[in-house]
Amino acid sequence: MHEPAATNLVHQAGEVAAHAAEASGHSITHMMMHLILQLAVIIIVAKIGGYLFQRFLKMPSVLGELASGMVIGPYALGGMIDLPGLGVLFAENAGFAASAELYGIATLASIILLFLAGLETDLAAFLRYSVVGSFVGLGGLVFAFVLGDGLAVMWPDNGIDSFMDPAALFLGVISVATSVGITARILAEKRKMASPEGVTILAGAVFDDVLGIVTLAIVMGMAKVSMDGGEVNWGEIGIIAAKAVGFFVIVTSLGLIFARKITSAIKKFKSTEIIVAICFGLALLLAGLAEMAGLAMIIGAYIMGLALSRTDLAHEIEHHLEGVYNILVPIFFCVMGMMVDFSVMKPVLVFGAVYSILAIFSKVLGCGLPAFLTKFNLRGSLRIGLGMLPRGEVALIIAGIGLASGIIDQGIFGVSIMMTVITTMLAPPLLVKSFEGGSGLRKELEGGSEEIETIILEFPSRDITEFLLHRFIRALQDEEFFVHHLHTDQPTHRVLKDDIAFTLIQDGNKLQVNVPSANQHVARMILLEELLSLSDLLESTKQMKGLDEMGSDLMSGLFA
Amino acid sequence: MNLKKVLSPNTVWVDLKADSKQGIIEEMVDRLVSAGKISEREAVLEAVFEREEKMSTGMQNGVAIPHGKTDAVKSLVAAVGLNKAGVDFDSMDGLPCTIFIMTISPLKRRGPHMQFLAEVSRLIGQPAEREKLLACQTHNEIYELLTGK
């Protein structure tokens with residue numbers, strides 16, 4: 001009696017599982033199809049938007065990508081386009097403008113962006129300016145937090161009357177987080193990444209990020225306690241804060257200490273593609289660990305980039321990730337643009353405008369003032385203040401957390417979006433404009449870099465110069481140097497290995513080598529050996545058959 | 001770069017005896033043979049002399065860097081020797097050479113071969129450093145001086 005019943009049960013269970021698999025299998029295919037179509041639209045529209053902004057408005061393509069997102073987002077065109085069998089092209093998903101899958105790809109893009117930003121940072125310069133960077137980051141943080149929180153308290157009829165009100169605290173912390181990504185890309189586009197201002201902005205933004213997240217953790221703790229009607233538990237806040245700061249300090253130090261050992265171990269694979277992929281994998285790993293430690297993922301990616309930036313692999317990784325970057329990063333900015341919901345912003349427009357203006361002043365003053373008091377002149381301080389101006393993904397993520405946890409309402413969420421959009425849209429053109437003109441450093445601090453020797457060799461023709469340049473590059477690669485071709489008008493190569501770095505430039509029939517004095521021996525010796533090897537080549541051409549004979553061999557029989 | 005990986009106490013010598021360019025090269029190669037670093041003496045000598053024919057490796061201020069490429073060695077072989085009396089090495093400035101840095105590297109294999117020469121040259125780039133090297137009395141002293149930095 002029992003047996004058939006048992007068999008029946010097993011059958012039923014099996015059927016249920018099969019149905020579930022079928023159902024989920026179907027929906028996954030469906031979801032992916034929807035996602036792929038979304039990505040197709042995003043990539044094409046973002047790229048074209050970026051191109052149009054760059055070409056006709058002379059603005060960075062970032063802005064075009066953001067604007068494209070606003071146009072095709074669920075609150076604009078995207079919400080109106082109905083795909084047969086799939087539904088709306090871009091639908092709002094639980095108060096979020098992007099589906100989880102799409103947001104996942106945008107997150108990956110933000111990790112690549114920050115990983116490359118870390119890689120491009122000249123660490124020697126970073127350490128030289130990091131004291132300034134920390135003051136810049138801290139100044140911006142304090143000004144932004146106090147002004148954001150204070151405005152919420154001062155504004156009439158919004159029900160917020162205490163500096164410790166959770167919503168006020170959130171308005172403070174949302175206006176803190178600078179989005180280094182947008183600034184980083186502009187710095188890269190304008191080749192200002194390694195400038196003192198660029199390094200200070202990136203260093204400041206790292207402090208800003210870490211301190212911003214620590215502030216968020218503290219605010220979350222305080223908000224929870226005050227929402228429960230209790231008193232603030234300082235012990236817990238201390239633990240969360242210590243964890244966040246500790247992660248950054250310890251992991252960065254470890255990364256710097258072990259980067260050389262890690263890269264020499266990875267180099268055993270001999271294939272650049274494998275090496276680059278593993279390094280990127282490590283960046284993702286650290287990003288995940290950062291998130292687990294209560295920091296943002298982008299901080300982990302940035303730290304990994306920073307740790308690898310001092311190794312000779314940095315340029316190889318940058319070079320190999322360039323293609324991925326060019327496709328994925330516009331998706332990130334486009335998705336950010338899609339998050340903008342114009343209808344939610346209407347009732348809170350005036351408050352949003354004042355909040356945005358204060359957000360601008362808080363960073364320009366809060367970051368510019370410490371910069372001015374240390375190494376920079378007015379021009380440099382303004383560049384740093386403007387560089388720290390854009391709030392982006394972190395501000396939106398924090399606003400999302402606030403909305404999800406019920407601390408802020410839809411209106412304040414709208415204000416946060418407005419501030420993010422305004423600062424993000426204002427910063428690029430202002431930043432680009434501010435970088436026109438001379439040095440941003442105080443006069444007494446200009447120059448002082450290590451001495452560079454220029455070796456110039458002139459050859460009878462451009463062909464011979466080109467030929468020797470290639471021979472020289474091959475000889476350098478045989479000596480295990482990494483040679484990286486830069487996309488500039490003149491053929492330029494960066495040569496790297498451990499601490500040695502120099503550039504080769506072909507200028508017509510001249511070959512120019514710019515090398516730090518300390519490394520000139522190796523450059524000169526390898527150049528000499530290659531010049532001497534030309535004599536072998538000349539000797540061997542004498543052994544060739546006569547050109548006439550070779551020519552007639554080639555042509556004979558063509559006209560029978 | 002780490003010179004300890006390339007140099008060893010039995011490939012640095014304070015007491016090279018030969019008094020000619022050819023003699024110095026042969027003596028260094030012979031000593032590398034007895035140190036067990038080289039087995040094909042003739043092939044190595046041919047490679048070094050072939051390079052000398054193109055252009056003398058006698059540099060300036062008493063430094064010479066005889067070197068050659070041959071598949072008679074599987075990895076970089078290097079030696080540093082002194083002849084304090086000085087030897088005519090067809091140097092660029094015509095001065096006799098007292099410090100000899102020799103490298104023999106494989107023809108096809110990749111590696112920091114010239115970089116080794118460059119690193120040692122850089123270490124003795126300044127007169128004070130060359131004087132310190134020439135003041136060495138034992139093989140070990142040279143080894144310590146070059147690899148201690």
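The values are calculated or read from the model by the stated rules, or taken from the named source; none is laboratory data. Here the structure is a predicted model, which is why all the values come from computation and not from measurement. So basically every Cβ, Gly included, is an ideal-geometry build from the backbone, and we count neighbours across all protein chains shown. Remember, those area values only see protein heavy atoms, side chains included, never the ligands or the DNA or RNA. Shrake-Rupley method; radii C 1.70, N 1.55, O 1.52, S 1.80 Å.
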So which of A:I327, A:I278 ends up being free of Cβ contacts under 8 Å to residues at least 60 places away in the same chain and either over 12 Å from the mean Cα position of the chain (by Cα) or crowded, with 20+ Cβ neighbours inside 10 Å (or both)? A:I278
Kindly establish whether B:L95 is touching a helix residue (DSSP H, G or I) at 6+ places or on another chain (Cβ under 7 Å) and away from every other protein chain (no Cβ under 11 Å). no
Boolean, B:T11 is closer than 20 Å to B:T138 by Cβ and open to solvent by less than 20 Å² (accessible area, probe 1.4 Å): yes
Just to be sure, is B:E144 at the interface with another protein chain (Cβ under 10 Å from one of its Cβ atoms) and either over 14 Å from B:N2 (Cα atoms) or assigned to a helix (DSSP H, G or I) (or both)? no
Restricting to the stretch A:333-345, give me the number of residues that are open to solvent by 10 Å² or more (accessible area, probe 1.4 Å) and within 15 Å of the chain's Cα centre (by Cα). 1
Filter the stretch A:530-540 for residues that are modelled with pLDDT of 85 or more and more than 8 Å from chain B (Cβ to nearest Cβ); which is surrounded by the most Cβ atoms within 10 Å (Cβ to Cβ)? A:E530
Where residues in the stretch B:95-114 are modelled with pLDDT under 90 and not hydrophobic (A, V, I, L, M, F, W, C), which of them is most open to solvent (accessible area, probe 1.4 Å)? B:K108
Within the stretch A:73-101, how many residues are under 25 Å from the mean Cα position of the chain (by Cα), surrounded by fewer than 22 Cβ atoms within 10 Å (Cβ to Cβ) and either in a helix (DSSP H, G or I) or at pLDDT 80 or above (or both)? 3
Condition (residue is open to solvent by 30 Å² or more (accessible area, probe 1.4 Å), touching a residue at least 60 places away in the same chain (Cβ under 8 Å) and hydrophobic (A, V, I, L, M, F, W, C)) applied to the stretch B:62-84: is it met by at least one residue? yes
Taking the stretch B:115-134, which residues are open to solvent by 60 Å² or more (accessible area, probe 1.4 Å) and outside any helix (DSSP H, G or I)? B:Q126
Do you know which residues across the stretch B:16-53 are within 17 Å of B:K84 (Cβ to Cβ) and exposed (fewer than 13 other Cβ atoms within 10 Å of the Cβ)? B:K17, B:S20
Give just the number: which of (1) within 14 Å of another protein chain (Cβ to nearest Cβ); (2) under 22 Å from A:I317 (Cβ atoms); (3) open to solvent by less than 60 Å² (accessible area, probe 1.4 Å) does A:E480 not satisfy? (3)
A:E458 meets each of (1) modelled with pLDDT of 90 or more; (2) within 14 Å of chain B (Cβ to nearest Cβ) with one exception, condition (2)
Find all pairs meeting these conditions: Cβ atoms under 7 angstrom apart; at least six residues apart or on different chains; first residue within the stretch B:112-135 and more than 10 Å from every other protein chain (Cβ to nearest Cβ); second residue open to solvent by 50 Å² or more (accessible area, probe 1.4 Å) and not in a helix (DSSP H, G or I). B:R130/B:N61; B:L134/B:K84
Taking the condition in a loop (DSSP other than H, G, I, E, B) and open to solvent by less than 30 Å² (accessible area, probe 1.4 Å), does A:P428 pass? no
So, first residue facing another protein chain (nearest Cβ under 8 Å) and of a type in the set (D, E, K, R) in the stretch A:506-529, second residue in a helix (DSSP H, G or I) and open to solvent by less than 30 Å² (accessible area, probe 1.4 Å), Cβ within less than 7 Å, six or more apart or across chains; the pairs are A:E529/A:A475; A:E529/B:M114
Please enumerate the residues belonging to the stretch A:52-72 that are modelled with pLDDT of 85 or more and either in contact with an Asp or Glu (Cβ under 9 Å, 6 or more places away or on another chain) or of a type in the set (V, I, T) (or both). A:V71, A:I72
Verdict on A:V522 being under 30 Å from A:I262 (Cα atoms), among the aliphatic types (A, V, I, L, M) and not in a helix (DSSP H, G or I): no
